[in-house]
Amino acid sequence: MLPLTVARAQERLSDNDDDDKEDGWYQRLKDSGRGPALLLGGLVIFLIVIYAVVLTAQKPNTPGREITIDELLREVRDKEITEVTLLSEDKRLIGSDAEGDWWAGTGNFDIFAQGLLSDFTQQGVSTRIDTQTSKATLKLSTQYLLPAMSLAVMFAFFYQLRRKDEGGTAEYALLGRSKARRYSAGKQTDVTFDDVAGLEEAKQELHEVKEFLADPENFERVGAKPPRGVLLVGPPGCGKTLLAKAVAGEAGVPFFSVSASSFVEMLAGVGPSRVRDLFRKAKAAAPCIIFIDEVDAMGRSRSIGDTLNPEGESTLNELLVQLDGFDSTKRVVLIAATNRPDILDSALMRKGRFDRQIIIDEPDLAGRQAIFKVHSRGKPLAEDVDLQRFARRTVGLSGADIAAVMNEAATLAARRRQTVIGNKEIGDAIDRVIAGPERASRILGPDDKLRVAYHEAGHALVGWVLNSLATVDKVSVVARGHSLGSTWSLPIEDRRLKTCSQYEEEIAAAVAGRTAELIVYNDPSGGSQTDLSRATQLAHFMVFELGMSDAIGPVSLGPRTIGVSLDHSEELMREADAEVRRILERGDERARVVITAYRDKLDLLAKRLMAQETIEHAELQTILGDLPKGLPRPVTSGA
């Protein structure tokens, strides 16, 4: 009956409830839902204290030394003991003699103790019986009072859960309250579109949402229906949450932010109840924006999700019902974000629920430059800082990564006691964010350092000669993160498409470090693990997903997974694996041809790296600038 009761109590929540109210510590405690738990904890502690007091009070008073019954009889016969008191409840005999107080156990009171008392009377010893009614009362309290107190604690807990407050709301309905955080209009939602850089197309799409919230009459005049839901799709850190806040800031409306995982609970009925409470609060605060982050946590497709999780399914169903029940006059817009749109339920994605899907990609060159400018606000930059140069160096970085770069640069400048942030600080910050901080403690011996130098020189040489999409910007044998050396390449221009030959150029540059070690030492090391993993992933992508294979043909086998795909034969999968291997071997052969032809350049690069550890682009241009692009001779092996 708990889900039904919670649901009914949740529906009776007052519509004018405001999460931002501050009516003192008691009201805040009650609104937080922790009141019953604190009450129960206090009662349990009180019960433990009372129980300890009772046990202490009930502990028998046994002063003095302990003597045996035989010693007691002997002292009675010797007239050393003249008075004995029997504690009937404790079944003990106590008394005193010349040596002080003593006590002795009597065993069975009804038989043994009465026989002793008869003997004591014959010997002229004065006897007294203490019935200890207070002790009996304490024992009675142990047997009856403590269980009664336990029942009282349970009763008090459930009473507190069911107790009505002034608004008529059952407090156990707090379990079903939404955990969404509300940001007030004009105060906590001061982010605008000016604070969002590199996402011009996404901002243009969301501009209509802002117009609907700020001026709905413009839509009503032409009979246009405003969007009910907007789904932001993109990798982490690309600005999905920032965009949602900017829409709220531009429109000047409240903003409810919540993670989809907060709706998923073990208690039945809590998830749907929280969904209803969130939309009830939003409608009361309309016009406003609801932002649900990582919506795939609650919107996973029911055909691929956990079929034994009815609570998650009921939560999704409630979200679907609430989206259908949106009243256009309420001016409430739901914005959700995910980086897994492929696993969302089809019912959630249909028109009328999420009307818009806005793709947010990693920023291009112009976008990265604009993001650098945004995150440089308020930071003193040196006059010669070229943000466009650093934007070219940060291909593949998201807006959050670039923000981390500028913060790291400011930290480095402060650490170096500088008043401005220079090119070196920003460059070092990029290296730290991409490859990790320098590890000065990882000191290599001369032989290992020379091997690493040849390895990185192989990457630089082959990348300089073969890679038509990028140019080598820097080579270093300084350990960073998990790597012992690094080679940085900058793309000549942002490209969305790559050809088969360009992928093979990347593979050749990736395996060139291992190839250089084989040529110089005829014995590879374990430093090529990351390179081989990258090259193998590219080869798999080419064969299994892009159909870039003459042997397999234009067939997409899907992402490479463990085991054999049920959609394809084992023979086809074996042939695809063989084709991946041929691509990798062809890349290794191309790298071998370049390194063998320009062995003098390889040795010169390795020598410079041993001497100065890092070679910048200008010096690389001096050493390798005269080399022609492309293979020095045709490659026949593996073709």
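Quick notes on this one:
- Highest-first packing order for the peptide set 215-225, 385-395, 522-532 is 385-395, 522-532, 215-225, based on the mean count of other beta carbon atoms within 10 Å.
- Likely footprinting exposure, His375, His482, His459, His568, fewest C-beta neighbours within 10 Å first: His482, His568, His375, His459
- The range 446-624: C-alpha gyration tensor shape, a/c 1.5 cut-off, then a/b vs b/c: prolate
- Using a Förster distance of 35 Å, the FRET efficiency for Gln537-Thr192 (Cβ separation, nearest 0.05): 0.30
- Charge context of Leu365, other residues only, Cβ under 14 angstrom, K/R +1, D/E -1: 0
- Ascending count of other beta-carbon atoms within 10 Å, so fewest first, for Ile443, Ile426: Ile443, Ile426
- Residue list for the range 576-618, given a label point 7 angstrom along the Cα-to-Cβ vector of Thr530 and an amide N cut-off under 11 Å: none
- Extension gain from Arg574 to Asn423, taking 0.36 nm per residue of separation minus the Cα-Cα distance: 49.3 nm
- Where labels lie 7 Å past Cα in the beta-carbon direction, separation of Glu493 and Arg340 in nm: 3.8 nm
- Prolate/oblate/rounded call for the range 392-454, Cα gyration tensor, a/c under 1.5 rounded: oblate
- Nitroxide proxy distance, nm - points 7 Å out along Cα→Cβ at Leu518 and Ala214: 6.2 nm
- Cα shape, the range 420-468, gyration tensor, a/c 1.5 rule: oblate
- With a threshold of 19 Å on the Cα-Cα distance, the over-threshold entries among Lys449/Lys474; Lys449/Lys629; Lys225/Lys351; Lys424/Lys607 are Lys449/Lys629; Lys424/Lys607.
- Local electrostatic count at Tyr454 - Lys and Arg +1, Asp and Glu -1, tallied over other residues with Cβ under 9 Å: -2
- Residues listed by number, the range 521-538, amide nitrogen under 20 Å from Lys607 label point at 7 Å toward C-beta: 521
- Linear extension gain, Arg439 paired with Gln502, 0.36 nm per residue minus alpha-carbon span: 19.3 nm
- Charge tally in the Cβ shell below 14 Å around Leu348, where Lys, Arg are +1 and Asp, Glu are -1, Leu348 excluded: 0
- Residue order, fewest to most beta carbons within 10 Å, for Ile289, Ile343: Ile343, Ile289
- Contour excess over end-to-end distance, with Cα ends at Asp355 and Lys225 and 0.36 nm allotted per residue: 45.8 nm
Just so you know, all these numbers are worked out from the coordinates, no wet-lab data involved. Quick caveat: nothing in here was measured; it's all calculated off a predicted structure. No Cβ is skipped: glycine too gets one built from the backbone with ideal geometry, and neighbour counts run over all protein chains shown.
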